[in-house]
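Before I ask anything, let me first share the structure, which is written out below as structure tokens.
The values are calculated or read from the model by the stated rules, or taken from the named source; none is laboratory data. Since the structure is predicted, the reported quantities are computational estimates derived from the model, not experimental observations. Glycine also receives a Cβ, built like all others from the backbone with ideal geometry; neighbour counts cover every protein chain displayed. These area figures cover heavy atoms from the full protein model, side chains too; ligands, DNA and RNA do not enter into them. Shrake-Rupley method; radii C 1.70, N 1.55, O 1.52, S 1.80 Å.
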Amino acid sequence: MNASLDAQKNEIILKHYYNIGIAVDTPEGLMVPVIKNADLKSIMELAKETEALSGEARSRKIKLADLKGNTFTITNIGSIGGIFSTPIINPPDVAILGVHRIRDMPVVINGEVRIRKILPLVLSFDHRVLDGAQAARFMNTLIDHLKDPTCSFWM
């Protein structure tokens, strides 16, 4: 997931750093500020930086350097009420995660229908670099971490 494809050289470039692009809806259209070295930051630091970069993007005060160097992108369609989408990969990334609106949904637990909060997630990925099994393992790991936010995500 943390790679890019150099199509001219037909080469997959694995990244050894984690710069997460965060898609932001601005009055001028979509911008993707980048949280650099995301793996070295706490969840609170990530939240503060996301808020700061999003504000700078919306006010058009963001620096060009803060819009470059992403290795993976997250788009939060749910923040404006979206319940489903197919995110398009932001080159040079090879994948993008779409996060949708949390909704109360019926689920079956131990044979009984119960109402639970459900967070729909969707992953678009480049099949030239990743296969479906790798993508499914990534999503299963992400879901496990979201179920238990106290665990270390970057293990």
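Kindly check whether there is at least one residue in segment 103-111 that is surrounded by 14 or more Cβ atoms within 10 Å (Cβ to Cβ) and outside any strand (DSSP E or B).
No.
A follow-up question, please. Give the residue that is nearest to S54 (Cα to Cα), with candidates limited to residues of segment 1-18 that are surrounded by fewer than 10 Cβ atoms within 10 Å (Cβ to Cβ) and among the charged types (D, E, K, R). Don't jump to the end; show me each part of the working.
Taking segment 1-18 as the starting set, the residues that turn out to be surrounded by fewer than 10 Cβ atoms within 10 Å (Cβ to Cβ) are 8-11, 14, 16.
Within this subset, residues satisfying the condition of being among the charged types (D, E, K, R) are 9, 11.
Numbers: K9: 34, E11: 33 Å.
The qualifying residue nearest to S54 (Cα to Cα) is E11.
Could you list, in sequence order, all residues of segment 126-143 that are surrounded by fewer than 13 Cβ atoms within 10 Å (Cβ to Cβ) and hydrophobic (A, V, I, L, M, F, W, C)?
Hits for segment 126-143 are A133, A136, I143.
Any residue in segment 78-93 that is surrounded by 11 or more Cβ atoms within 10 Å (Cβ to Cβ) and part of a strand (DSSP E or B)?
Scanning segment 78-93 turns up no residue that is surrounded by 11 or more Cβ atoms within 10 Å (Cβ to Cβ) and part of a strand (DSSP E or B).
Find the residue count for segment 40-67, including only residues that are closer than 23 Å to N2 by Cα, part of a helix (DSSP H, G or I) and of a type outside the set (D, E, K, R).
Final tally of qualifying residues: 11.
Give me the residue from segment 112-144 that is in a strand (DSSP E or B) and not charged (D, E, K, R) and, out of that set, nearest to I88 (Cα to Cα).
The first filter runs over segment 112-144 and keeps only residues in a strand (DSSP E or B), leaving 112-118, 121-125.
Still in the running and not charged (D, E, K, R): 113, 115, 118, 121-125.
Values: V113: 34, I115: 31, I118: 23, L121: 14, V122: 11, L123: 10, S124: 7, F125: 9 Å.
Among residues in segment 112-144 that are in a strand (DSSP E or B) and not charged (D, E, K, R), the one nearest to I88 (Cα to Cα) is S124.
Being outside any strand (DSSP E or B) and either open to solvent by less than 60 Å² (accessible area, probe 1.4 Å) or modelled with pLDDT of 95 or more (or both) is the filter here; which residues of segment 19-39 pass it?
Let us first name the residues in segment 19-39 that are outside any strand (DSSP E or B), namely 19, 23, 27-28, 32-33, 36-39.
Hits for segment 19-39 are N19, A23, V32, P33, K36, N37, A38, D39.
Of the numbered conditions (1) over 25 Å from D148 (Cβ atoms); (2) open to solvent by 50 Å² or more (accessible area, probe 1.4 Å); (3) at pLDDT 95 or above, I62 fails exactly one; give the number of that condition.
Going through the list (1) over 25 Å from D148 (Cβ atoms); (2) open to solvent by 50 Å² or more (accessible area, probe 1.4 Å); (3) at pLDDT 95 or above, I62 breaks only (2).
Checking A65 against (1) free of Cβ contacts under 8 Å to residues at least 24 places away in the same chain; (2) under 16 Å from the mean Cα position of the chain (by Cα): exactly one of these is not met. Which one?
The one condition A65 does not meet is (2).
Given the conditions (1) open to solvent by 60 Å² or more (accessible area, probe 1.4 Å); (2) of a type in the set (A, V, I, L, M); (3) within 22 Å of F125 (Cα to Cα), and given that M44 satisfies all but one, which numbered condition is not satisfied?
Exception for M44: condition (3).
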